[in-house]
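See structure below.
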Amino acid sequence: MTTAERPPLSKKDYKTDQEVRWCPGCGDYAILNAVQGAFARLQKQLHETVIISGIGCSSRFPYYMETYGFHTIHGRAPAVATGVKVAHPELDVWVVTGDGDAMSIGGNHFIHAMRRNVGLKILMFNNRIYGLTKGQYSPTSEQGKVTKSTPMGSVDYPFVPIALAIGAGASFIARGVDVFGPHLEEVIVKASAHTGTAMVEIYQNCNIFNDGAYDGFTDKDVRTERVLYLEHGKPLLFGSKQDRGIRFDQDFRPQLVSSATGDLGAAYVWDETLDNPAPAMALASMSEADMPVPIGVFRRRVRPAFETLVNAQLEQAKASKQETLQELLLQGETWVVK
Amino acid sequence: MQQDASGALVHKHLQDLDQVVIRFAGDSGDGMQLTGDQFTRTTALMGNDIATFPDFPAEIRAPAGTLPGVSAFQLRFSSFDIHTPGDAPDVLVAMNPAALKMHVKEIKKGGILILNTASFAPLDLKKAKYDKDPRTDGSLDELHVIEVDLEQLTRDALKDSPLDQRSKDRSKNMFALGILYWMYQRDMEPTIKMITGKFAKKPDVVAANLTVLRAGFTFAEATEVFQTAYRVAPAPMRPGTYRNIMGNQALCLGLVAAGQKSGLKLFLGSYPITPASDILHQLSSYKHMGVVTFQAEDEIAAVTSAIGASYSGCLGITSTSGPGMALKAEAIGLAVMAELPLVILNVQRAGPSTGMPTKTQQADLLQAMYGRNGESPVCVLAASTPADAFEVGYEAVRLAVKYMVPVVVLSDGYIANGSEPWLLPDVDQLPAVPVTFAKPGQPGQKFMPYARDPETLARPWARPGTPGLVHRIGGIEKADVTGNICYDPDNHQHMVDTRAQKVANIQNDIPPLVPLGAATGDLLVLGWGSTRGPITSSVLKLQARGHKVSAAFLRHLNPWPQNVGTLLRGFKRVILPEMNKGQLAMLLRARYLIDVESFSKVNGQPFHSEEILTHLQRALQEIEP
C-alpha cells in the first residue's frame, strides 16, 4: 500500500491507547498536542518515525505517540538516537528531553550531538525544575531558587540553553512556549524540515513544583508586550503596536529602540541563516527581566548531517575496495603448512 | 664444529634447538615492539610455532634511559606445539642500563645477554639507579655476556648515509635484529619487504635500515664473540593457511565474519581506552565491509549508541576496558531490559580505577556477571588465546542475536597484544548466524513486542521503519507480551525470572566442557581466559610424567556448560589459577558446593607455566600416596 492510497493521518492517529499520566495542568499536554498537530500537518508516517527519550517527566513522551519509541536512561537519549540515525539515516528520529536530562546528567551527549550535526530533532522541555524527583533545582533554575535541596536558595548560575546550543555549534536552534500552541507547532514544523540537528527549547510550566516560572511574559495580559517573535528577514519588533524594537550597539549589546524615541527604523533585521553567531548569542543572553523574551528560530545553518558524511565514507570505501570475507582473513603475511 | 655448505659458518658452531625464548628490552623509543614484531613475523613464516608477549609502559615516552621508560617484547618459538611465550628468556637483548636492570634477573641461568654498551656513562647508570657498573661488579658472571656498542656500529655502517645523526641512531634496533637473525638463522627477506613498504616515501630511511640490518647480520657472522648459531626446525602443524594474529585483531575478524554470515550491519560505538583501542582502529579500517564505527564522546555514549544501532536492526558492539565497563553498567542494564542484542568487549587490564593500563588481569569477571543494578543477567564469554578470540567474537554475535541479549566478551591485555599463528578458517564452514526480524504487521493487528519464542524465550526484533510494528520499549518494567509499562508485583517476578531463564537457556545451545585428559582423576586444573596457555603446558608436562591430571577451559562463563558440576566432581581436587582474587572459584563453589581451590596471582603479569607447575606438583604430592 502506498502513502497515496492511505487516508490522510489526523492528529488522533498519533495518539496511543496509553493513558497520559502527567499531572493535570502540566505544560507537557500542550506540547504533546502541538507535536501531534505538527506531525499530522507533515503527514509523518508512523512507522518511519522514532521518538527517543531519556528520564524525567518529559521523557514519558514516547508512550503517548503511536510511532516507534524508546524510553532509555537518564541523559543518554541523544547518544542512543545517534546510533539509530547513523545506522538508519532514512528514519525520522526525534529526541524528547528536559532541562535536567539534557543540561545536567546528559550534558555531554547533548552538546556532542549538536557539534556533530546528527540529524536529530531535539525537543528540550525546559521547566527550570526537577519534576519527577519532586522539586529540586535544575541547571536552568534561576540563582537563589529555593527548593528542597536548596533551602537557602541555589547559588548555581544557570545555563541559557540557546546560548549553550550556539556554543556547541548547533545548526538549527529555536524556542517555543507550551502555551503558545500554534507558534510552537510552527517551530516544530520548521525543525522537522531542517537537515542536521535541530534543537528546540520549549518553555514548559510545571504547575506542581515551579508554577508560573514563565508567567512574567506568558500571561495573557503581558505576552504581547513581553515576547519578541523572531521572523527571518524582518526587523526585531515587539509590542501590540509593534512600536518597539531591538538594535545592537557596536559591542553587540542589544538596545531598545521605539517609535516614541524615533529610532524604530534602527531595529535589527533578523537573519536566522547568518554565519556570525553574535546576534543570536546577544539575543539569547538578554536579561529576561529587562528585555523582551525572544522566541522562534535563532539559527538555521545549512551543513551536511553527520550520518550523511559517515555513510558517504562507507560508500566511498566500498567503491574503492571490494573484498570477500575470506580475502579479509587472508590479509597480512600468510604461509601454508602442507 | 659444523660447516655450512656455503662456507659462511666456517669456524662457527651450528646447534639445533627445539625452542628459544628471546626478550628484547629497551627504551620506549628504541623500537623494541617493532623489532619483536619483525622477528615474530619472520619466524612464523619459517614454520615455527610462536607465542609473543609485549610488555610496555603506559607512558608514550617516559624520560629516556629511566626504568619506567623500559619497553619489552618477549617471544618464544619452537619446533613443537607451544602454549605460552615462555617464562625465563634464553636471550636478553638489553639496549641500555635501565633495560638491563629491569630484566636481567629473569634470564635463564647461563643464558645469553646481548648488551648494548653505548650508554654506560655515569649519568646513564644513575638514570637506571645503578650504583656501580653492572658489567664489572660481578653481577653478570653467571651469564654469557656479549657486549656490543650498537650505536657506534650503526654509525659506522651508516657513515655514507645522508641522514642526520639522530635518525641514524634510531636504526640501531635493526643492528640488534640483524644479530639475532644470524644467531637463529632467520630469513631477512620479510623484514626487508616490510621496511621497504613502510618507508616507501623515504628512500634514505629504507636504505639506512636495510644497511644496518645487514650490517648486524654480517657482524655476528664475522666476529669472534658470536661462536654459535642455532637452528630451530619448523613445528609440525595442522595443514592449512596460517597467519600470525594478535587477540584484538582476531576478535575484530570474528565479529566481521559473524556480521557477514548473519547479514547484519555492524555498528561499533567506542571510546579510546588501553588496551582496547586497537579494536576501534581495526574496525574503522573495515568500512569497505560495511562496518560503521563511531568514536563517541564518552564510554556511555559508546554503549548507548550501540544500543540505538541494535534497536534499529544493526548489530551494536562496544569495546572497552574495565574503567569503561564501570561507566557502561547502567546502559547494559537497559539492553537487558529492552532485550536487545549487544556485544560488549572488555579487554581487561590491571585495576581498580586506572590501575595499570598496559598490564594484564582477569579481575572484571564479577563485574561482567553482576556489575549492574537489579537482577540483570547477561551472557559472558571469555577468549583464551589470540586466535581463540576469533571464535569467541563470532559466538558472541550468534548468541546475542538468537537470544536478544547482551553478551560480554572478556579478553585481556595479554591476549589482546600477544600473538600466535592462526589456522585460517574456511568461511564456508563457519556456523550459520540466522537472524529473523519481525514481519510487517497487518492493519488492525497490534504488534506484541514481548511475545516470546517458546524455545529460546527471545522476543521479536522489530526494526523501526517496518510498517505495522510501531511499539514502545524502555528501561521501565513492562508487562510481558504487550510491553506496556507495568508495576504489577506478579508481572515483575515473572519478568525477572524470564530474563534469567532466557540467559540460562543458552546452556542448551553450547557444547559440554571437554577436558584435556581424562574425565576423572586426581586433579583437575580449571581455567578461563588467558591462563589457558600456562595451564596447558604445565598439565601436559604432568600428564607426560604419568600423573592423573586433567585441565579444562571455560569459554562460556554465563551460563556454564551443563556438565561442569559433573566434571568437577570427577576429581579429588580442583585447582583454578586466576589473575584475580579467586572470582570464578567463588562462583563455582557457590553454585556446586565443591571445594574449588583458587590459585591467585594479581601482579599485572601473566602466570608463568613454571609457577603453575610447582603449585600443581605440591598438590599432587598431597594427593598421591
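The values are calculated or read from the model by the stated rules, or taken from the named source; none is laboratory data. Just so we're clear, the structure is a prediction, and the values are computed from it rather than from any experiment. In this analysis, Cβ positions are derived from the backbone assuming ideal geometry, glycine residues included, and neighbour counts consider all displayed protein chains.
On the given criteria, is A:ALA312 surrounded by fewer than 17 Cβ atoms within 10 Å (Cβ to Cβ), aliphatic (A, V, I, L, M) and either within 14 Å of another protein chain (Cβ to nearest Cβ) or farther than 30 Å from B:PHE267 by Cα (or both)? Yes, satisfied.
Residue-wise test of (1) more than 20 Å from A:TYR63 (Cβ to Cβ); (2) of a type outside the set (D, E, K, R); (3) more than 13 Å from chain A (Cβ to nearest Cβ); (4) not in a loop (DSSP other than H, G, I, E, B).
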position: B:PRO443; (1), (2), (3), (4): yes, yes, no, no
position: B:PRO454; (1), (2), (3), (4): yes, yes, yes, no
position: B:ARG459; (1), (2), (3), (4): no, no, yes, no
position: B:PRO467; (1), (2), (3), (4): yes, yes, no, no
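Here A:ASP92, A:ASP28 are screened, and the one residue that is facing another protein chain (nearest Cβ under 10 Å), among the acidic types (Asp, Glu) and under 18 Å from the mean Cα position of the chain (by Cα) is A:ASP92.
Quick check, is B:ILE192 within 14 Å of chain A (Cβ to nearest Cβ) and more than 22 Å from B:THR66 (Cα to Cα)? Spelling it out, B:ILE192 is indeed within 14 Å of chain A (Cβ to nearest Cβ) and more than 22 Å from B:THR66 (Cα to Cα).
In segment A:322-338, what residues are part of a strand (DSSP E or B) and either more than 7 Å from chain B (Cβ to nearest Cβ) or touching a helix residue (DSSP H, G or I) at 6+ places or on another chain (Cβ under 8 Å) (or both)? If the condition is that a residue be part of a strand (DSSP E or B) and either more than 7 Å from chain B (Cβ to nearest Cβ) or touching a helix residue (DSSP H, G or I) at 6+ places or on another chain (Cβ under 8 Å) (or both), then A:TRP335 is the only one that fits. In segment B:51-79, what residues are more than 20 Å from B:THR360 (Cα to Cα) and buried (at least 24 other Cβ atoms within 10 Å of the Cβ)? Scanning segment B:51-79 gives a single hit, B:PHE77.
Considering only residues of segment B:80-110 that are basic (Lys, Arg) and not in a loop (DSSP other than H, G, I, E, B), which is surrounded by the fewest Cβ atoms within 10 Å (Cβ to Cβ)?
Quick first cut of segment B:80-110, residues basic (Lys, Arg) only: B:101, B:105, B:108-109.
Right, trim to not in a loop (DSSP other than H, G, I, E, B) and you get B:101, B:105.
Details: B:LYS101: 19, B:LYS105: 9.
Applying the filter and picking the extreme gives B:LYS105.
The helices (runs of 4 or more DSSP H) falling completely within segment B:506-625 that include 2 or more residues that are farther than 30 Å from B:GLY355 by Cβ and not assigned by TED's automatic domain parsing to the domain that holds B:GLU420 map to B:532-544, B:564-569, B:609-623.
Return yes or no: is B:PRO234 in a loop (DSSP other than H, G, I, E, B), under 22 Å from the mean Cα position of the chain (by Cα) and either at the interface with another protein chain (Cβ under 7 Å from one of its Cβ atoms) or in contact (Cβ under 8 Å) with a residue 24 or more places away in the chain (or both)? No, not satisfied. Quick check: is even one residue across segment B:283-293 in a strand (DSSP E or B), modelled with pLDDT of 95 or more and away from every other protein chain (no Cβ under 11 Å)? Looking for residues that are in a strand (DSSP E or B), modelled with pLDDT of 95 or more and away from every other protein chain (no Cβ under 11 Å), one finds none in segment B:283-293, hence no. Any residue at all in segment B:473-485 that is within 37 Å of the chain's Cα centre (by Cα) and under 29 Å from B:TYR414 (Cα atoms)? No.
One line per residue, one yes/no per condition, for (1) hydroxyl-bearing (Ser, Thr, Tyr); (2) closer than 17 Å to B:ALA331 by Cα; (3) at pLDDT 95 or above:
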{"residue": "A:SER58", "(1), (2), (3)": "yes, no, yes"}
{"residue": "A:PRO62", "(1), (2), (3)": "no, no, yes"}
{"residue": "A:GLU66", "(1), (2), (3)": "no, no, yes"}
{"residue": "A:PHE70", "(1), (2), (3)": "no, yes, yes"}
{"residue": "A:ALA77", "(1), (2), (3)": "no, yes, yes"}
{"residue": "A:ASP92", "(1), (2), (3)": "no, no, yes"}
{"residue": "A:VAL96", "(1), (2), (3)": "no, no, yes"}
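The sole residue among A:PHE298, A:PHE306 that is within 14 Å of chain B (Cβ to nearest Cβ) and in contact (Cβ under 8 Å) with a residue 60 or more places away in the chain is A:PHE306. Number of residues in segment A:140-159 that are surrounded by 18 or more Cβ atoms within 10 Å (Cβ to Cβ) and closer than 23 Å to A:MET286 by Cα equals 5.
Taking each residue of segment A:34-56 that is away from every other protein chain (no Cβ under 12 Å) and looking for partners that are of a type in the set (S, T, N, Q) and in a strand (DSSP E or B) with beta-carbon atoms closer than 8 Å, six or more apart or interchain, yields A:PHE39/A:THR49; A:GLY56/A:THR97. Is it the case, given these coordinates, that B:ASN603 is over 15 Å from B:VAL525 (Cα atoms), surrounded by 18 or more Cβ atoms within 10 Å (Cβ to Cβ) and out of contact with any Phe, Trp or Tyr (no Cβ under 7 Å at 6 or more places or on another chain)? So B:ASN603 fails the test.
Where strands (runs of 3 or more DSSP E) fall entirely within segment A:226-321, none has at least 3 residues that are of a type in the set (A, V, I, L, M, F, W, C) and farther than 25 Å from A:ALA163 by Cβ. Whether any residue in segment B:354-361 is surrounded by 24 or more Cβ atoms within 10 Å (Cβ to Cβ), over 14 Å from the mean Cα position of the chain (by Cα) and at pLDDT 95 or above is what I want to check. No; the residues of segment B:354-361 include none that is surrounded by 24 or more Cβ atoms within 10 Å (Cβ to Cβ), over 14 Å from the mean Cα position of the chain (by Cα) and at pLDDT 95 or above.
Results for (1) among the basic types (Lys, Arg); (2) buried (at least 17 other Cβ atoms within 10 Å of the Cβ); (3) touching a residue at least 12 places away in the same chain (Cβ under 8 Å); (4) within 28 Å of B:ASN580 (Cβ to Cβ), shown as yes or no for each residue.
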| position | (1), (2), (3), (4) |
| --- | --- |
| B:ALA458 | no, yes, yes, no |
| B:ARG499 | yes, yes, yes, yes |
| B:VAL503 | no, yes, yes, yes |
| B:GLY527 | no, yes, yes, yes |
| B:PRO534 | no, yes, yes, yes |
| B:SER537 | no, yes, yes, yes |
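Quick check, is B:GLY351 free of Cβ contacts under 8 Å to residues at least 60 places away in the same chain and buried (at least 24 other Cβ atoms within 10 Å of the Cβ)? Considered against the rule, which asks whether it is free of Cβ contacts under 8 Å to residues at least 60 places away in the same chain and buried (at least 24 other Cβ atoms within 10 Å of the Cβ), B:GLY351 comes out as no. Do we find that B:VAL433 is surrounded by 21 or more Cβ atoms within 10 Å (Cβ to Cβ) and within 13 Å of chain A (Cβ to nearest Cβ) in this structure? For B:VAL433, the condition - surrounded by 21 or more Cβ atoms within 10 Å (Cβ to Cβ) and within 13 Å of chain A (Cβ to nearest Cβ) - is met.
Every residue, every condition in (1) assigned to a helix (DSSP H, G or I); (2) at pLDDT 95 or above; (3) out of contact with any Lys or Arg (no Cβ under 8 Å at 6 or more places or on another chain); (4) crowded, with 21+ Cβ neighbours inside 10 Å, yes or no:
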{"position": "B:ASP137", "(1), (2), (3), (4)": "no, no, yes, no"}
{"position": "B:ASP141", "(1), (2), (3), (4)": "no, no, yes, no"}
{"position": "B:GLU147", "(1), (2), (3), (4)": "no, yes, no, no"}
{"position": "B:THR154", "(1), (2), (3), (4)": "yes, yes, no, yes"}
{"position": "B:MET174", "(1), (2), (3), (4)": "yes, yes, yes, yes"}
{"position": "B:LEU177", "(1), (2), (3), (4)": "yes, yes, yes, yes"}
{"position": "B:TRP182", "(1), (2), (3), (4)": "yes, yes, yes, yes"}
{"position": "B:GLY197", "(1), (2), (3), (4)": "yes, no, yes, no"}
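Residue by residue through segment B:297-337, note down the ones that are facing another protein chain (nearest Cβ under 7 Å) and aliphatic (A, V, I, L, M). Of everything in segment B:297-337, those that are facing another protein chain (nearest Cβ under 7 Å) and aliphatic (A, V, I, L, M) turn out to be B:ILE300, B:ALA301, B:ALA306, B:ILE307, B:ALA309, B:ALA331, B:LEU334. Look at segment B:21-42: where a residue is farther than 17 Å from B:GLY418 by Cβ and a partner is among the β-branched types (Val, Ile, Thr) and assigned to a helix (DSSP H, G or I), sitting 6+ places away or on another chain with Cβ atoms under 9 Å, you get B:GLY26/B:THR35; B:THR42/B:THR191. Given the condition within 24 Å of B:PRO89 (Cβ to Cβ) and among the β-branched types (Val, Ile, Thr), answer yes or no: does some residue in segment B:230-250 qualify? Among the residues of segment B:230-250, at least one is within 24 Å of B:PRO89 (Cβ to Cβ) and among the β-branched types (Val, Ile, Thr), which makes the answer yes. Scanning segment B:17-50 for residues that are in a strand (DSSP E or B), buried (at least 20 other Cβ atoms within 10 Å of the Cβ) and of a type in the set (A, V, I, L, M) returns B:VAL20, B:VAL21, B:ILE22, B:ALA25, B:ILE50.
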